[in-house]
Ligand SMILES: [Zn+2]
């Protein structure tokens, strides 16, 4: 596979400039994994790659948090020839809905598009614990957690160092560059 970072840049899934993130922080980069995964041949390839790179026990199923994890989780499960379920938030709480359920002792890998803070991954881990399932680890296409680490076995295809600044300390603001809210038209 060609350099994944280059592919992401070509798909405009990684942007460079001066961005206002949903957290309120400013950053010289913006990642929108969905733009890369909208290429169905690429998402299939990335799913196969994640499946191939998993070196542990074979899981019984893949679980991903909605929305971001759904496409890549499904592709990874498809490559592993195992079922795929997704979790959703209901009143802020991560849940299995739509009649999905997990059996006691089932071996599960969590798959996400991006590890950002690790919060959603851990919410899924805690949910699966309630079902007494065995979480083997977590996989993602992109890891932008910086120095933070997930407390479980994990692997990502692309590690990105994304700098963020509070607006008062943003060097891009000091240079007078206009701050763009991603997704809005220029
Ligand atoms: Zn700024």
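The values are calculated or read from the model by the stated rules, or taken from the named source; none is laboratory data. As the structure is a computational prediction, the values presented were derived from the model and not from experiment. Note that each Cβ is placed from the backbone with ideal geometry, even for glycine, and that neighbours are counted across all protein chains shown.
Quick notes on this structure:
- Residue in the stretch 102-119 that is within 16 Å of the ligand (Cβ to nearest atom) and within 26 Å of residue 37 (Cα to Cα) present: no
- Selection status of residue 122, within 20 Å of residue 54 (Cα to Cα) and either crowded, with 19+ Cβ neighbours inside 10 Å or within 16 Å of the ligand (Cβ to nearest atom) (or both): no
- Residue tally, condition at pLDDT 95 or above and more than 8 Å from the ligand (Cβ to nearest atom), over the stretch 160-173: 3
- The residue pairs whose first member lies in the stretch 18-42 and is over 16 Å from residue 6 (Cα atoms), whose second member is part of a helix (DSSP H, G or I) and within 11 Å of the ligand (Cβ to nearest atom), and whose beta carbons are closer than 8 Å, counting only pairs six or more residues apart or on different chains, are 18/172; 18/173; 24/167; 25/167; 26/167; 26/172; 26/173; 28/172.
- Residues (surrounded by fewer than 20 Cβ atoms within 10 Å (Cβ to Cβ) and farther than 15 Å from residue 69 by Cα) located in the stretch 20-38: 20, 21, 22, 23, 24, 25, 28, 29
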